[in-house]
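The values are calculated or read from the model by the stated rules, or taken from the named source; none is laboratory data. Bear in mind that the values here come from a model prediction, so they are computed numbers and not experimental data. Positions of Cβ are backbone-derived with ideal geometry, glycine not excepted, and every protein chain shown enters the neighbour counts.
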Amino acid sequence: MKKINAHPLGRQLWAVLLAAALLLSPTAPVTAAEPTNGPTPALAADVNEGAPSSAPNQLAAIGSTLFFTADDDEYGQELWRISPPYTQAFRVSDINPAEGSARPEYITAVGDTLFFRADDGTHGYELWRSQPPYTSAEMVTDLNPGAEGSLPHELTPVGSALFFAANDGSSGTELWKTESPFTSAVRVADIAVGPPGSNPDELTRNGWILLFSADDTQGRELWKCTPPYINTCEMVSDVNAAGNANVKELTFVKDILFFTANDGEYGQELWMSESPYNVLTTRAVNDFSTRSYNTYPSDLHAIGDTLFYTASIGFIGMEPWKVVPPYGKTQMTRVADINSTMFFMGSFPYGKISIGETLFFIANDAKYGFELWKSVPPYDDDSTKRISGIRAGMGTGDIQELTAAGSVLFFTADDGKHGRELWRSVPPYTDVELVKDLNGGAASSNPEALTALGDSLFFAANDGRKGIELWKVSNSFSLPASGFAPARFTPRAGQPAALQQVDDLVLEIPKLGQTLPIVGVPYAQDQWDLTWLGSQAGYLEGSAYPTWNGNTVLTAHAALSNGQDGPFARLSELRWGDSIVIHANGQRFLYEVRTVEQVDPQDASVFEHEELDWLTLLTCAQYDPASDRYLTRLAVRAVRVGLQ
């Protein structure tokens with residue numbers, strides 16, 4: 001999923017104009033949104049327990065398992081994993097036991113094999129792999145023997161192979177690949193003989209064809225490799241025969257590759273190459289012969305067969321543009337003149353991302369500063385709108401990391417009131433809202449590394465108590481439905497045979513006169529199924545195991561399938577200091593109630609990790625006959641105070 005962290009223009013001229021645009025933006029009233037009652041972020045893993053940070057980064061997923069790097073302050077920065085229901089993380093391997101930090105980077109999957117580069121303290125940065133069940137990691141090969149390492153990067157899967165750029169110590173940085181069983185690597189091509197190598201960059205695949213930019217010592221041009229890859233690499237087109245074409249921003253629109261390049265005459269412009277990607281099918285998109293200035297195209301993004309980009313054409317400054325088939329000069333049109341009030345400035349749009357046919361980006365209209373915008377078909381002035389602002393006045397909310405999770409657009413911003421926090425916009429995308437003021441008040445939780453997994457979003461943030469740790473917010477997450485309709489018979493399934501009582505554990509709530517066995521409830525297909533639970537207490541797997549340090553979540557029905565009261569029907573009667581007991585291994589683990597509260601069915605914070613032994617009792621509350629569902633959940637939290 002595309003994520004943008006910084007403005008893409010990167011040229012001194014436009015940096016000056018950008019600063020001027022900010023200074024000249026007049027004050028305009030914008031009301032910052034308050035926290036909503038939507039899905040609440042929950043701490044997924046407190047890897048470095050307490051106030052210190054583990055600083056999760058490099059998030060990537062294989063299936064439903066999320067991998068990331070973190071520092072638990074004991075083993076240094078290593079590779080970790082977390083799986084549904086995302087309440088506990090595990091270190092994959094201690095790759096660098098001697099020096100303490102392997103610093104894994106460029107985490108990439110090929111099938112169910114995870115690749116990354118890491119430093120084991122002896123070989124320098126080399127290519128590593130981890131395979132199911134992801135409890136260990138092995139070096140693929142010591143490509144550059146010694147402590148310097150080969151510094152593999154640009155990890156890109158093509159079919160069942162992994163391509164990457166690396167330096168073996170003799171041929172400079174060139175293109176390499178590894179295939180199953182991933183115990184060795186072979187150089188694909190020596191494009192620039194000897195050091196420093198061709199430095200392949202922007203590896204991009206289309207089917208079995210790998211395209212990339214490389215410098216054969218005559219300038220950076222567009223190259224391709226085709227099966228069987230070894231010694232098949234060739235230059236697609238010598239765009240700038242006299243020097244460096246500076247090929248970058250490789251972006252596919254179906255089978256057509258777009259990129260920006262400098263032909264040495266008309267500056268950096270928009271180019272395209274069609275299959276089979278050779279000199280005959282590569283051309284400039286525009287006819288530049290009538291003028292001598294650069295349009296500086298950047299921030300390319302595709303929706304269907306339309307390519308969107310930012311460019312300065314004429315005297316209107318940087319604005320969003322589009323080009324449609326057959327991709328010629330007459331098919332290039334401006335999406336919108338967002339900043340029409342300031343001559344030659346433009347709105348400097350960047351951060352393009354799409355959900356369905358809706359294009360999102362950040363732009364400055366010289367009235368509200370840099371804010372979130374959207375455009376829908378036909379992508380013109382009338383269909384391009386500013387979404388409600390983040391920060392009042394001439395300032396900017398400094399929007400970053402636009403990330404789509406399902407149909408929800410997440411991003412980080414600073415509204416000048418809550419600090420930098422997580423925000424979102426939901427269909428029909430007419431407004432923005434603060435997800436939660438995670439680090440209360442003006443302090444910032446500084447969410448970063450936003451990564452979508454299905455319709456859930458993972459990110460690193462600091463709530464002011466536990467340091468920078470891994471958090472999660474889900475658009476579809478729902479706490480289990482632990483109650484049938486009261487006073488009505490409901491047919492129910494039998495208990496699955498595989499689920500037995502958990503180690504003879506028994507839950508006792510003296511004040512309610514309840515004593516009931518504890519059985520395991522697995523998390524499957526994005527839910528905990530409690531229809532079979534009966535009069536037992538269910539241990540929600542994924543929370544801490546009963547009587548262990550952490551947060552154990554037990555649930556029981558508020559109403560049974562026969563319509564009678566369930567074991568937790570009177571859970572709301574518990575108060576601070578009331579006793580709860582778990583009987584285990586002939587011992588009594590004593591807990592005392594600390595909080596009793598009703599929470600939203602999507603509030604995953606009830607699973608929040610704790611350093612000590614905490615117990616959360618959970619059940620349904622507020623049954624609504626009209627909708628035949630429970631509107632809230634009741635959560636009772638208790639901490640262990642003794643052992644008998």
- Message: Take the conditions surrounded by 18 or more Cβ atoms within 10 Å (Cβ to Cβ), in contact (Cβ under 8 Å) with a residue 12 or more places away in the chain and over 26 Å from residue 197 (Cα atoms) and apply them to residue 274. Does it pass?
- Response: no
- Message: Would you confirm, using the coordinates I've provided, whether residue 213 is in contact (Cβ under 8 Å) with a residue 24 or more places away in the chain, in contact with a strand residue (DSSP E or B) (Cβ under 8 Å, 6 or more places away or on another chain), among the hydroxyl-bearing types (Ser, Thr, Tyr) and not in a strand (DSSP E or B)?
- Response: no
- Are any residues in the stretch 310-344 surrounded by 23 or more Cβ atoms within 10 Å (Cβ to Cβ), assigned to a loop (DSSP other than H, G, I, E, B) and in contact with a helix residue (DSSP H, G or I) (Cβ under 9 Å, 6 or more places away or on another chain), and if so, which ones? 339
- Query: In the stretch 72-114, how many residues are of a type in the set (S, T, N, Q) and without any contact (Cβ under 8 Å) to a residue 40 or more places away in the chain?
  - Reply: 4
- Query: Assuming residue 552 fulfils every condition listed in (1) crowded, with 19+ Cβ neighbours inside 10 Å; (2) modelled with pLDDT under 90 apart from one, which condition is it?
  - Reply: (2)
- Message: Among the residues of the stretch 206-255, what is the count of those that are in contact with a helix residue (DSSP H, G or I) (Cβ under 9 Å, 6 or more places away or on another chain) and either among the hydroxyl-bearing types (Ser, Thr, Tyr) or under 19 Å from residue 270 (Cβ atoms) (or both)?
- Response: 3
- Item | Of residues in the stretch 349-375 being outside any strand (DSSP E or B) and at pLDDT below 95, the one nearest to residue 452 (Cα to Cα) | 356
- Query: Would it be correct to say that residue 404 is under 24 Å from residue 452 (Cβ atoms), touching a residue at least 24 places away in the same chain (Cβ under 8 Å) and in a strand (DSSP E or B)?
  - Reply: yes
- Message: I need every pair where a residue in the stretch 442-458 that is more than 15 Å from residue 475 (Cα to Cα) and surrounded by 20 or more Cβ atoms within 10 Å (Cβ to Cβ) has its Cβ under 6 Å from the Cβ of a residue that is modelled with pLDDT of 95 or more and hydroxyl-bearing (Ser, Thr, Tyr), sequence separation at least 6 or different chains.
- Response: 447/412
- Could we say that residue 53 is touching a strand residue (DSSP E or B) at 6+ places or on another chain (Cβ under 8 Å), outside any strand (DSSP E or B), polar (S, T, N, Q) and over 26 Å from residue 608 (Cα atoms) here? no
- Message: I'd like to check something: does the stretch 441-451 contain any residue that is of a type outside the set (Asp, Glu) and under 24 Å from residue 306 (Cα atoms)?
- Response: no
- Search the stretch 411-446 for residues being among the acidic types (Asp, Glu) and not in a loop (DSSP other than H, G, I, E, B), and hand back the single one that is nearest to residue 350 (Cα to Cα). 414
- Query: From the list 143, 43, which residue is surrounded by 17 or more Cβ atoms within 10 Å (Cβ to Cβ) and modelled with pLDDT of 95 or more?
  - Reply: 143
- Message: Filter the stretch 216-233 down to the residues that are within 20 Å of residue 260 (Cβ to Cβ) and either of a type in the set (S, T, N, Q) or touching a residue at least 60 places away in the same chain (Cβ under 8 Å) (or both) and list them by number.
- Response: 218, 222
- Item | Test: residue in the stretch 524-537 that is buried (at least 20 other Cβ atoms within 10 Å of the Cβ) and modelled with pLDDT of 90 or more | yes
- Message: I'd like the residue in the stretch 382-401 that is acidic (Asp, Glu) and over 15 Å from the mean Cα position of the chain (by Cα) and, out of all such residues, is nearest to residue 449 (Cα to Cα).
- Response: 398
- Message: It is to be established whether one or more residues within the stretch 268-282 are closer than 19 Å to residue 214 by Cβ, part of a loop (DSSP other than H, G, I, E, B) and among the aromatic types (Phe, Trp, Tyr).
- Response: yes
- Message: Give me the residue from the stretch 135-175 that is out of contact with any Gly (no Cβ under 8 Å at 6 or more places or on another chain), part of a strand (DSSP E or B) and of a type in the set (D, E, K, R) and, out of that set, farthest from residue 92 (Cα to Cα).
- Response: 154
- Message: Out of the residues in the stretch 183-241 meeting the condition of being of a type in the set (Phe, Trp, Tyr) and surrounded by 17 or more Cβ atoms within 10 Å (Cβ to Cβ), tell me which one is farthest from the chain's Cα centre (by Cα).
- Response: 229
- residue 598 versus (1) surrounded by fewer than 15 Cβ atoms within 10 Å (Cβ to Cβ); (2) more than 15 Å from residue 633 (Cβ to Cβ): which is the lone unmet condition? (2)
- Task: Scan 547, 515, 531 and give me the residue that is at positive phi and hydroxyl-bearing (Ser, Thr, Tyr).
- Result: 547
- Query: So, of the residues in the stretch 180-207 that are in contact with a Leu (Cβ under 8 Å, 6 or more places away or on another chain) and assigned to a loop (DSSP other than H, G, I, E, B), which turns out to be farthest from residue 276 (Cα to Cα)?
  - Reply: 182
- Query: Which condition breaks for residue 300 when tested against (1) over 21 Å from residue 385 (Cβ atoms); (2) in a loop (DSSP other than H, G, I, E, B)?
  - Reply: (2)
- Which one is modelled with the highest pLDDT, of the residues in the stretch 19-40 that are closer than 23 Å to residue 436 by Cα and among the hydrophobic types (A, V, I, L, M, F, W, C)? 33
- Task: Using the structure shown, decide if residue 579 is touching a helix residue (DSSP H, G or I) at 6+ places or on another chain (Cβ under 6 Å) and surrounded by fewer than 21 Cβ atoms within 10 Å (Cβ to Cβ).
- Result: yes
